[in-house]
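Below: the structure, in structure tokens.
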Amino acid sequence: MDIEKLKIEAEQGNARSQCNLAARYATGFGVKQSHAKAFELYKKSAKQGFLGGFYGLGVCYANGEGTKQDYCKAIEWWVKAAEQGHIDAQVELGQSYDKGIGVKQDFEKAVMWNKKAAEQGDPEAQFNLGNFYENGDGVDKDLDKAVYWYKKSAKQRNACGQYSLACCYSDGVGVEKCEVTAVGLFIKSAKQGDTDAQINLAIRYERGEGGLEQDHGKAAEWYIKAAEQGSAEAQYFLACKYEFGEGVRKNKKRALMWMQKSAEQGDEDAIKHLKESCNT
């Protein structure tokens, strides 16, 4: 919708337009970013009982955007929205109870809210629910149900769902083991930027597993993608690539740089490697 028309409708009291305009101000999409204006518009929308307004206020309070950070108030607004079926609010509540942020940690409630959102088709909630079933947090451990929800999430191209389902196929957890299927899912997840998937794919290129031909160059490419996103594990592996010239041109300076980055994040292998280097 045209921004000027949106502003007019919001000024006229249209709750949906107030909420949509608030989202524009929150992100700076089409307008100069202003968290203060976003907060005020979400309040006006919420005052009229619009669920998006409830959810938006919760986000503002959670992040301290346009108002003082208050996670308890964030929970209050998310509950108002979630109880009436707002999917994003249900997911936020699920995460809050899972991590114990703003509320006492409660895996059963985390499962409850994620299940409500998952049953409405939210791919993030479906992944979360699969994770709960796989680990037995808040529910009895059930690998069949874990795979069921991972599949639903992965089908919607959720990178985390794809990665977790790939691991299930790789390890034979809840499904018949199939490394080729696992690799296919790792590729889909890796292309979306999941660092764990990128590392697993790199390892398989190194070893020539899962129907892939051994290719140290491609392994290095995936390590680079994960390392540049800040993965300490990938940074360590990439440093080794540069140190020994596997898949990349041997480069001691780059090897040291990535090893130091990894060590700074606490990677034990990188720390050990640097200490041994100093002693030689």
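Scan segment 115-140 residue by residue and report those that are part of a loop (DSSP other than H, G, I, E, B) and acidic (Asp, Glu).
If the condition is that a residue be part of a loop (DSSP other than H, G, I, E, B) and acidic (Asp, Glu), then Asp122, Asp137, Asp140 are the ones that fit.
So which residues in segment 153-174 are assigned to a loop (DSSP other than H, G, I, E, B) and either touching a residue at least 12 places away in the same chain (Cβ under 8 Å) or of a type in the set (A, V, I, L, M, F, W, C) (or both), if there are any at all?
Passing the criteria: Gln156, Arg157, Asn158, Val173, Gly174.
Of all residues in segment 214-245, which are small (Gly, Ala, Ser), over 16 Å from Ala263 (Cα atoms) and in contact with a helix residue (DSSP H, G or I) (Cβ under 8 Å, 6 or more places away or on another chain)?
Ala219, Ala220
Need a quick list: helices (runs of 4 or more DSSP H) entirely within segment 1-114 having at least 3 residues that are touching a Gly at 6+ places or on another chain (Cβ under 7 Å).
15-27, 35-47, 71-82, 87-99
Kindly provide the set of residues from segment 27-40 that are closer than 15 Å to Ala10 by Cα, surrounded by 17 or more Cβ atoms within 10 Å (Cβ to Cβ) and touching a helix residue (DSSP H, G or I) at 6+ places or on another chain (Cβ under 7 Å), ordered by number.
Lys37, Ala38, Phe39 - these are the residues of segment 27-40 that are closer than 15 Å to Ala10 by Cα, surrounded by 17 or more Cβ atoms within 10 Å (Cβ to Cβ) and touching a helix residue (DSSP H, G or I) at 6+ places or on another chain (Cβ under 7 Å).
For segment 89-103, name all the residues that are closer than 11 Å to Trp113 by Cβ and of a type outside the set (A, V, I, L, M, F, W, C).
Listed by number, the residues that qualify are Gln90, Glu92, Gly94, Gln95, Ser96, Tyr97, Asp98.
Rule-based calculations on the coordinates, nothing more; no lab input. Everything numeric in this text was worked out from a predicted model, so none of it was measured. Heads up, the Cβs are rebuilt from the backbone with ideal geometry, glycines too, and the neighbour counts pull from every protein chain shown.
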